[in-house]
Structures are given as structure tokens and as C-alpha cells.
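Coordinate-derived values only; no laboratory data. No experiment lies behind these values; they were computed from the predicted model shown. Neighbour counts run over all protein chains shown; Cβ positions are idealised from the backbone, glycine included.
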Amino acid sequence: MAKAIRKQAQTAERVASATADAIVADQMRSLARAFRSQAEILKKKEKQKKKQSRPG
């Protein structure tokens with residue numbers, strides 16, 4: 001899931017670079033940052049889940 005969200009972030013960055021409208025570009029960069037943050041949170045949760053499921 002985190003990998004898919006990172007792909008969305010890359011797509012948003014590409015759109016931001018390709019658009020001529022500065023406002024839209026800023027919004028897309030903001031969206032990309034949000035996607036990356038969400039991906040990091042998911043990654044941390046997955047790691048925590050793996051740690052908890054390991055016999056100790």
C-alpha cells in the first residue's frame with residue numbers, strides 16, 4: 001500500500017512540473033508531500049505490526 005501511495009506522489013510531482021498554472025503546481029506539490037507523509041505512516045505501522053507478530 002505504501003508503495004502505491006509513493007507512486008501517486010511521483011505522479012503529483014510530475015503534474016506539478018508540467019503545469020503552467022503556479023497555483024495548481026503548488027497544490028500538486030502539496031498533495032505529493034501529503035502522499036509521502038501518508039506512505040511513511042503506513043510504513044511505520046507495518047513495521048510495528050511485524051515486530052508485534054514476531055515471537056519474542
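How high is the relative contact order of the chain, given as a whole-number percent (alpha carbon pairs under 8 Å, six or more residues apart)? List each step's numbers first, then the result.
On the way: 42 pairs, mean separation 23.6, N = 56.
Relative CO of the chain lands at 42 percent.
Straight-line reach only, C-alpha to C-alpha below 22 angstrom: list the lysines that Lys51 could link to, leaving out same-chain residues fewer than 8 apart. Excluding near neighbours in sequence, the set is Lys3, Lys43. Helix 22-53 and the longest principal axis of the Cα set of the chain meet at an angle near 10°. Taking label points 7 Å from Cα along the Cα-to-Cβ direction, Ala34 and Ala20 give a separation of 2.7 nm.
Projected label points at Ile41 and Ala4, each 7 Å from Cα along the beta carbon direction, are separated by 1.7 nanometres.
Our helix-only sum for the chain, with -39,500 (n - 2.57) per DSSP H run of n ≥ 4 divided by its residues, gives a mean residue ellipticity at 222 nm of -31000 deg cm²/dmol.
For the chain, with only Lys/Arg (+1) and Asp/Glu (-1) charged at the beta-carbon, what is the dipole magnitude about the Cα centre, in debye rounded to 20? Show your work: numbers first, answer last.
On the way: 15 positive and 5 negative charges, 143 e Å.
Around 680 debye, computed over the chain.
The Cα atoms of the range 1-51 cover 46, 14, 9 Å along the three principal axes, with the biggest extent listed first. Which angle between 0 and 90 degrees, to the nearest 10, do you get for helix 2-18 versus the longest principal axis of the chain when only C-alpha atoms count? Orientation of helix 2-18: about 10 degrees from the principal axis.
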